[in-house]
Amino acid sequence: MPPISLNRRAILAFGGTFLFLLLLSGAVTNHVRPDLVQKHIPDSWKSKLPPPQQDEPPPKKEGNPEQAWQEEIFPLAKAGKVPKINPKNIVRETNLKTPLLIGFTRNWYLLEQAVVSYLAAGWPASQLTVIDNTGVMDSNLRGLLTAKNPWYLNHTRLTQLGVSVKRTPTLLSFAQLQNFFINYAIEQDLGYFFWSHMDVVVLSDELLPEYKSVYERAVEVLANTLEERRHWGLKLFAYDWLTLVNVEAMKDVGGWDTQIPFYMTDCDVYSRLTMRNWTQDPVSAGFIYDVGSHLKDLAILYPEEGHESELNTTRFTNLKMELEAMMKEKQSNNGGRNYWQARQDGGQGEPFWRNPKGFERGINFWIDKGRELFRLKWNYGDCDLIAKGYSYGDDWTDKKPNIPQ
């Protein structure tokens, strides 16, 4: 091999230095909080920054059908053309705050569907916050995950819709997430808040003779609740698919028991609320569907262009029928009503990736352990603690349930 000349050595040294600096700059920027970077960017620069690329699906492989989680189910929003809601759904006269929190762990498309349905039903975007409980730290904020990843969350889309996002510090169980909601409300000096599941779709009831949107009816429930000044704890819209929560009531009973992480934790806290005489009233604001699949195009949740004020149209009838079929399919699915939770399995190699099937097995393990702990706590294993004679403070005692002989 001939000796390297001085010029070639200089060129190689310069190239190596340049490559090193390039890699170093990438390593640094990948560990800087984007929110802090954005905070210090002059406004005159921001319009010149390239748009985020995170909502681009991964390239399709030849011969493989497109998977459900790789689809774009709101193409109009992607094109920057979010449809107009029915003007009848806009509540112009209310001085009440209506904070709505929706927790998210996995399956972006179900979350987007839930959020868009609330927006189309009149809920102001400024009052809606998605709680990012994916446990992937700032990976979604920085657009490091792809749409096939179960824990992918499109911050760009939510920002476009006007919806806020707040991240949990790490992956929380259901009970922990509920306490996070309560603490968030305390930090925001809120005496109450609404929360909803990410796998629901809301639809205003256009069949009523006096039409009111989901949002307007929710505001009425809130206004009446505050005016009554009763010892109220919860207002339950279709059980807890949408719930209005009194923060003082939850503080009074000590919040959710995080040692019961998933199922039965609701039985525990709702029973303790009743034991402390906090009411839990069923109320209604419209149709709420519990689903495990998504619509092909979320634009169907909005009125047709030029017909925004029309009610009980063919679009509404067909949408209602489709949502009813989706809910029925979820309830009767052979894989159980939560089959959708472990359906996605992509994203291997991306930050904080977990094996989705193993993750689901872990959740089921803690569900079983939570049921076991509920039985240890109350010396009884079912939800009807009040009917069995239990009172506040009877937990972790030797009290036995009142069972007729």
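Can you name the residue in the stretch 215-231 that is within 22 Å of Ile102 (Cα to Cα) and hydrophobic (A, V, I, L, M, F, W, C) and, of all such residues, is surrounded by the fewest Cβ atoms within 10 Å (Cβ to Cβ)?
Among those residues, the one meeting the criterion is Ala223.
Test Leu203 against the criterion of being of a type outside the set (S, T, N, Q), under 21 Å from His294 (Cα atoms) and in contact (Cβ under 8 Å) with a residue 40 or more places away in the chain, and give yes or no. Yes: the conditions hold for Leu203.
In the stretch 58-71, the count of residues that are modelled with pLDDT of 95 or more and either buried (at least 18 other Cβ atoms within 10 Å of the Cβ) or of a type in the set (A, V, I, L, M) (or both) is zero.
Inspection of the stretch 229-240 identifies at least one residue that is over 20 Å from the mean Cα position of the chain (by Cα), modelled with pLDDT of 95 or more and small (Gly, Ala, Ser). Any chance the stretch 333-340 includes a residue that's in contact with a Pro (Cβ under 8 Å, 6 or more places away or on another chain), assigned to a loop (DSSP other than H, G, I, E, B) and surrounded by fewer than 17 Cβ atoms within 10 Å (Cβ to Cβ)? Scanning the stretch 333-340, I find no residue that is in contact with a Pro (Cβ under 8 Å, 6 or more places away or on another chain), assigned to a loop (DSSP other than H, G, I, E, B) and surrounded by fewer than 17 Cβ atoms within 10 Å (Cβ to Cβ), so the answer is no.
Applying the condition of being part of a helix (DSSP H, G or I) and small (Gly, Ala, Ser) to the stretch 148-189 and asking which residue is nearest to Tyr118 (Cα to Cα) yields Ala185.
Quick check: is even one residue across the stretch 220-235 among the aromatic types (Phe, Trp, Tyr), in contact with a Leu (Cβ under 8 Å, 6 or more places away or on another chain) and in contact (Cβ under 8 Å) with a residue 24 or more places away in the chain? The answer is no; no qualifying residue exists. Would you confirm whether any residue within the stretch 201-214 is out of contact with any Cys (no Cβ under 9 Å at 6 or more places or on another chain), surrounded by 23 or more Cβ atoms within 10 Å (Cβ to Cβ) and closer than 18 Å to Met250 by Cα? No, the conditions are met nowhere in the stretch 201-214.
Pick out the one residue from Arg92, Arg167 that is of a type outside the set (S, T, N, Q) and at pLDDT below 95. Walk me through it before giving the result.
Details: Arg167 fails: at pLDDT below 95.
Within the list Arg92, Arg167, the selection yields Arg92.
Taken over the stretch 111-140, the criterion of being more than 16 Å from the chain's Cα centre (by Cα) and of a type in the set (S, T, N, Q) is satisfied by Ser139 alone. Being part of a loop (DSSP other than H, G, I, E, B), more than 19 Å from the chain's Cα centre (by Cα) and within 23 Å of Phe174 (Cα to Cα) is a condition met by no residue of the stretch 211-228. Taking the condition surrounded by fewer than 17 Cβ atoms within 10 Å (Cβ to Cβ), under 25 Å from the mean Cα position of the chain (by Cα) and at positive phi, does Gly286 pass? Judged against the criteria, Gly286 is not a match. When you check Ala325 against the structure, is it surrounded by 20 or more Cβ atoms within 10 Å (Cβ to Cβ) and either aliphatic (A, V, I, L, M) or in contact with a Leu (Cβ under 6 Å, 6 or more places away or on another chain) (or both), yes or no? Considered against the rule, which asks whether it is surrounded by 20 or more Cβ atoms within 10 Å (Cβ to Cβ) and either aliphatic (A, V, I, L, M) or in contact with a Leu (Cβ under 6 Å, 6 or more places away or on another chain) (or both), Ala325 comes out as no.
The values are calculated or read from the model by the stated rules, or taken from the named source; none is laboratory data. Computed from a predicted model, the values in this text were never measured in an experiment. All Cβ positions, even for glycine, are placed from backbone atoms using ideal geometry, and neighbour counts span all protein chains on display.
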